[in-house]
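The values are calculated or read from the model by the stated rules, or taken from the named source; none is laboratory data. Just so we're clear, the structure is a prediction, and the values are computed from it rather than from any experiment. Here the Cβ positions follow ideal geometry from the backbone for every residue, glycine too, while neighbour counts run over all protein chains shown.
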Amino acid sequence: MASPLEIRAQDVLRAWAHGLVTADAVVSWADSTITESDAPGALPDWLYSLSAKGPERCQDLPYSEFAFEWPASDFREDFLVALSKTDLRSRPDLEGFIRVAMQCMGEDLDAPEVRFGYQLDHLVCDCQDMEGALEYAREELPKFVPQARALRARLMAAAALGDGEGP
């Protein structure tokens, strides 16, 4: 089972991977975690590596040099974070989001985000109806906005970078 520090680090790294925070913010989080610790000698080596090298370099290191379990990619999370960065009134933003949502193929059909993505794929690819897909997205996406805001806020809060308010 992951420790609270590992869980928080995974959220910080997810925020970075999704472009919600910068690599410098990740390093700042690692630095402050180290300096605020009552027992810095008991902290894991990976935290010091993250502080010294930043997430870009650490993600390319073998496990023997950076012994941390990187967060796995997750369609639902990708969907919600992309939504949190999408202006639903902007056609280019919405079209970009539709492309993300259509990457649902092979995911669990019990998930509402996946069923939504399949419907978009049907409208865009099978029916050649981008206008219909945009209309469908504008009608259905507000149902997902509270979850998107909550996820964004959690990821941003992990790095202590504000409330992460989105769409």
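Tallying residues that are within 13 Å of L141 (Cβ to Cβ) and among the polar types (S, T, N, Q) within the stretch 86-112 yields 2.
Of the residues that sit in the stretch 53-91 and are over 30 Å from M102 (Cβ atoms), of a type outside the set (F, W, Y) and exposed (fewer than 12 other Cβ atoms within 10 Å of the Cβ), which one is nearest to the chain's Cα centre (by Cα)? Residue satisfying both the conditions and the ranking: P62.
Against the numbered list (1) surrounded by fewer than 17 Cβ atoms within 10 Å (Cβ to Cβ); (2) part of a helix (DSSP H, G or I); (3) of a type outside the set (A, V, I, L, M, F, W, C), R14 comes up short only at (1). Annotation note: of A25, A2, the sole residue that is touching a residue at least 60 places away in the same chain (Cβ under 8 Å) and within 16 Å of the chain's Cα centre (by Cα) is A25. Restricting F116, F68 to residues that are over 21 Å from G19 (Cβ atoms) and either in the same structural domain as P44 (by TED's automatic domain parsing) or in contact with a Cys (Cβ under 9 Å, 6 or more places away or on another chain) (or both) narrows the list to F116. State whether one or more residues within the stretch 42-52 are within 16 Å of the chain's Cα centre (by Cα), crowded, with 17+ Cβ neighbours inside 10 Å and modelled with pLDDT of 95 or more. Among the residues of the stretch 42-52, not one is within 16 Å of the chain's Cα centre (by Cα), crowded, with 17+ Cβ neighbours inside 10 Å and modelled with pLDDT of 95 or more, which makes the answer no. For D110, the requirement of being under 25 Å from A150 (Cβ atoms), without any contact (Cβ under 8 Å) to a residue 24 or more places away in the chain, in the same structural domain as P146 (by TED's automatic domain parsing) and not aliphatic (A, V, I, L, M) is met. Close Cβ contacts (under 9 Å, 6 or more residues apart or on different chains) running from residues in the stretch 123-144 that are in the same structural domain as G96 (by TED's automatic domain parsing) and at negative phi to residues that are part of a helix (DSSP H, G or I) and among the basic types (K, R) comprise V124/R99; L134/R91.
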